[in-house]
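Working notes, structure below.
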Amino acid sequence: MEKRAKAYTLVEMIIVLLFLAAFAAVAIPRINFSAITKKKADTLARRITTDLRHTRTLAVSNGATNSVGFGLYMLGGSPYTSYEIRDLDTSSVVSSHTITPGISCTGGATFKFGPFGNLLTGSDTSLTISAEGKTYTITIISATGMVKCVES
C-alpha cells in the first residue's frame, strides 16, 4: 500500500496567483479613491468648526483670568498645512493639528476670540475647505462668535 501525500504543485499555485493578479488588475482601478478624499474634507471641515467653537469656549470660560482671549491660527500659507490654538495672553500653544495633503484649506488665517466670545478686531471671518469637487465654507459672525459650516 502506497500512501500519496496530498499537496498542491508549484504549477497549480502559480496559476492561482496569476488569476488573483488578473482580478486585482481589473478591480483596483475601479476603487473610488475620490470618495475617500471627499470624506477626509468633510472630516476636516467638521474638525476645524469644532476647534473654532472650542477656541471660543476657552476664551469665554477663561475670561475672568485671561482678558486677552484665545485664537486659532492657520499655518503654512494658503493653502494651509496645519493650524494651532493659542492662548493670546501667554502665547502658549493649546493644541495643534495637521491638514491632510490633498485637501485645500484657504481663506482667513487668524481667528481671535475675546472673553465675551466675540471675534476680536483684525480677525478673519471665513475659511474654505475643498477636495474632489466638494467644498465647505466655515463662517464666523463677528459680534457673537457663532461658527457655521455649510457645504456648497
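Filtering segment 138-151 for residues that are at positive phi and not small (G, A, S) leaves an empty set. Each residue in segment 73-113 was checked for being in contact (Cβ under 8 Å) with a residue 40 or more places away in the chain, more than 15 Å from R47 (Cβ to Cβ) and open to solvent by 40 Å² or more (accessible area, probe 1.4 Å), and 2 pass. If a residue has to be part of a loop (DSSP other than H, G, I, E, B) and within 16 Å of K38 (Cα to Cα) to count, how many in segment 129-152 make the cut? So the answer is 3. Among the residues of segment 114-144, just one is free of Cβ contacts under 8 Å to residues at least 60 places away in the same chain, in contact with a Gly (Cβ under 6 Å, 6 or more places away or on another chain), open to solvent by less than 40 Å² (accessible area, probe 1.4 Å) and of a type in the set (G, A, S), namely G114. Just one of the numbered conditions (1) free of Cβ contacts under 8 Å to residues at least 12 places away in the same chain; (2) more than 20 Å from L119 (Cβ to Cβ) is not true of D42: (1).
Please give the number of the condition R56 fails out of (1) open to solvent by 20 Å² or more (accessible area, probe 1.4 Å); (2) in contact with a Cys (Cβ under 8 Å, 6 or more places away or on another chain); (3) closer than 17 Å to T139 by Cβ. Only one criterion is unmet by R56, namely (2).
The values are calculated or read from the model by the stated rules, or taken from the named source; none is laboratory data. Worth saying up front: this structure is predicted, and the values here are computed from it rather than measured. For neighbour counting, all protein chains shown are included, and Cβ atoms are generated from backbone atoms with ideal geometry for every residue, glycine included. With ligands, DNA and RNA removed, areas are computed over all heavy atoms of the protein, side chains included. Shrake-Rupley method; radii C 1.70, N 1.55, O 1.52, S 1.80 Å.
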